[in-house]
Amino acid sequence: MNKNSINIIFAQPEHADYAEQICQLIYESALQRGTGIARRSPEYIASKITGGKAVVALSGDRLVGFSYIECWGHGDYVATSGLIVDPEFRHLGLAGEIKKRTFELARLRFPFAKLFSITTSLPVMKLNTRLGYKPVTFSELTQDDEFWQGCEGCCNYDILKRNNRRMCLCTGMLYDPKTPLVKQSWWSPYAMAIKNAIKKIFHLK
Ligand SMILES: CC(C)(COP(=O)(O)OP(=O)(O)OC[C@H]1O[C@@H](n2cnc3c(N)ncnc32)[C@H](O)[C@@H]1OP(=O)(O)O)[C@@H](O)C(=O)NCCC(=O)NCCS
């Protein structure tokens, strides 16, 4: 598989046709990993695509990767979400490229917003760290109820609720455009992943 033949672009309205396939990819990957995931409908994904808030990776006309952004708290925050790479196209560095494009899109469209992501995924922690995101407590993320309602479809939602939205199995990561970029240690994403594993063992009881 050659990564150079894959186009990673800001999604155009015609890419909304891929919405169903994207949902299926996200759902199947979550089942495989046995992790929680905020479920999204094809209509929701299509609205991100037509609204100019998504990035697609295409090999010819085959969709092989996706991510989208959404703003919360009246535009003070932007979340990057829904990152997925087709299993046949993994380990080529595609997620890194999609993350970079998504970051670029978020900074272009919402230059003053803080960017954040919540994740249990080590690859995502690594990629976010490289872009300048730092691990933070949930209290530093948007308090917009609608964002957190998105977690209701996740199998770990009871943990989030039980902890009054202060923490869950995901790690919160934030990029603040006002804070100068400080290069973080290569060890930082691994430390987050270990913390995550410990949280999972104790279920944050
Ligand atoms: C996570 C995912 C997007 C990674 O896609 P990918 O294109 O294979 O990732 P990349 O090739 O760009 O790799 C990025 C980094 O993560 C590492 N990585 C990738 N998959 C990994 C895995 N399963 N376990 C540990 N590290 C992994 C790579 O080694 C690379 O690190 P490096 O640059 O230090 O070598 C892909 O596996 C996927 O779609 N998973 C299911 C959905 C998901 O978990 N999304 C994130 C939800 S928050």
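Just so it is clear, none of the values below were taken in a lab; they were calculated from the coordinates. None of these values were measured; they are calculated from a predicted model. Positions of Cβ are backbone-derived with ideal geometry, glycine not excepted, and every protein chain shown enters the neighbour counts.
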Check your understanding: If R0 is 22 Å, what FRET efficiency do you get for Phe202 and Arg90 from their C-beta distance, rounded to 0.05?
Key -> 0.15
Revision key, fill the gap. One finds the C-alpha centres of region 69-115 and region 181-200 to be spaced, in Å, by 20
Review point. Pulled fully out, how much extra length does the chain show between Tyr157 and Gln12, if you take 0.36 nm times their separation in residues and subtract their Cα-Cα distance?
Key: 48.9 nm
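Per-residue ellipticity at 222 nm for the chain, helices alone: DSSP H runs ≥ 4 residues times -39500 (n - 2.57), over residue total, nearest 500 deg cm²/dmol? Walk me through the numbers on the way to the answer.
Working: 7 runs with 76 residues, N = 205.
Roughly -11000 deg cm²/dmol at 222 nm, from the helical runs in the chain.
Distance cut-off 27 Å, Cα to Cα: go down the list Lys53/Lys178; Lys48/Lys99; Lys161/Lys195; Lys161/Lys200; Lys48/Lys183; Lys3/Lys199 and report the pairs above it. Show your work: numbers first, answer last.
Working: Lys53/Lys178 23 Å; Lys48/Lys99 16 Å; Lys161/Lys195 20 Å; Lys161/Lys200 15 Å; Lys48/Lys183 31 Å; Lys3/Lys199 36 Å.
Exceeds cut-off: Lys48/Lys183; Lys3/Lys199.
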Check your understanding: Which percent of Cα pairs goes in each bin when the distances of the chain are cut into 5 angstrom slices starting at zero?
Key -> 1, 7, 16, 20, 22, 18, 11, 4, 1, 0
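May I ask you to derive the relative contact order of the chain, considering only C-alpha pairs under 8 Å and at least 6 residues apart, and to give it as an integer percent?
On the way: 321 pairs, mean separation 40.9, N = 205.
About 20 percent, as a whole number.
Would you please name the chymotrypsin sites (Phe, Trp or Tyr not before Pro) within region 30-131 that are DSSP coil residues with at most 12 other C-beta atoms within 10 Å of their C-beta?
The qualifying sites are Phe112.
Quick check: net charge around Gly132, other residues with Cβ under 10 Å of its Cβ, Lys/Arg +1 and Asp/Glu -1? Could you put the intermediate results ahead of the total?
Working: positive: Arg130, Lys134, Lys183; negative: Asp176.
Computed value for this residue: +2.
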